[in-house]
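The next block holds one structure in the form of structure tokens; read it before the comments.
The values are calculated or read from the model by the stated rules, or taken from the named source; none is laboratory data. Every value quoted in this text rests on a predicted model; they were computed, and no experiment measured them. So basically every Cβ, Gly included, is an ideal-geometry build from the backbone, and we count neighbours across all protein chains shown.
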Amino acid sequence: MTELTGRLKREHATLRCMTEIYCAHHHTPYEGKPCARCDYLLRYAERRLEKCPYGEKKPTCAKCPVHCYKKQQRQQVREIMRFAGPRMALRHPWRSLMHFSDKLRQVEHPLEIRRQKKNQGSQARER
């Protein structure tokens, strides 16, 4: 497994904070750590972030045109975010602000980005 960096690492840390808030309220946390079900979701999310076609330019999942989560995990993340989102501003104000600013990010579909790179490459070869 590769180590997440930059914005992807920050996004995973934000999801971890939200999951811990949710899990502490809905499940029986063990010494402040998420339960097995929530921990599985966090590991799943990390694997999905590693494979994100956007990389560092990734939009928030809600604005992303590519749905890389399975239906069950997507529903679980939605439930966590609905509960923990309003509480994030009090417990993690900086992460909350950064997540909000990431929501404002413009989104292009990965196929469009690939097309643009291909066109740039062919134009460079023509010169």
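Give the residues of segment 66-94 that are within 15 Å of residue 12 (Cα to Cα), touching a residue at least 40 places away in the same chain (Cβ under 8 Å) and more than 12 Å from the chain's Cα centre (by Cα), sorted by residue number.
Passing the criteria: 80, 84, 85, 88, 92.
Go through segment 39-56 and report how many residues are over 12 Å from the mean Cα position of the chain (by Cα), more than 19 Å from residue 76 (Cβ to Cβ) and hydroxyl-bearing (Ser, Thr, Tyr).
Qualifying residue count, segment 39-56: 0.
When the residues of segment 7-38 are narrowed to those that are assigned to a loop (DSSP other than H, G, I, E, B) and closer than 17 Å to residue 91 by Cα, which ends up farthest from the chain's Cα centre (by Cα)?
Restricting to residues being assigned to a loop (DSSP other than H, G, I, E, B) and closer than 17 Å to residue 91 by Cα, the top hit is 32.
From the list 97, 41, exactly one residue is at negative phi, modelled with pLDDT of 80 or more, in a helix (DSSP H, G or I) and among the aliphatic types (A, V, I, L, M). Which is it?
Going through 97, 41 in turn, the sole match is 41.
Quick one: in segment 21-43, of everything that is of a type in the set (D, E, K, R) and out of contact with any strand residue (DSSP E or B) (no Cβ under 8 Å at 6 or more places or on another chain), which residue is surrounded by the fewest Cβ atoms within 10 Å (Cβ to Cβ)?
Restricting attention to segment 21-43, the residues satisfying the condition of being of a type in the set (D, E, K, R) are 31, 33, 37, 39, 43.
From what's left, out of contact with any strand residue (DSSP E or B) (no Cβ under 8 Å at 6 or more places or on another chain): 31, 33, 37, 43.
Numbers: 31: 4, 33: 12, 37: 12, 43: 11.
Checking each candidate, the answer is 31.
Which residues, taken from segment 44-75, are among the hydrophobic types (A, V, I, L, M, F, W, C) and either assigned to a helix (DSSP H, G or I) or buried (at least 17 other Cβ atoms within 10 Å of the Cβ) (or both)?
Scanning segment 44-75 gives 45, 49, 52, 61, 62, 64.
For residue 87, work out the one condition from (1) of a type outside the set (Ser, Thr, Tyr); (2) modelled with pLDDT of 80 or more; (3) under 19 Å from residue 17 (Cα atoms); (4) not in a helix (DSSP H, G or I) it doesn't fulfil.
(4)
Which ones in segment 33-68 are touching a helix residue (DSSP H, G or I) at 6+ places or on another chain (Cβ under 7 Å), among the hydroxyl-bearing types (Ser, Thr, Tyr) and over 21 Å from residue 100 (Cα atoms)?
Correct list: 44 only.
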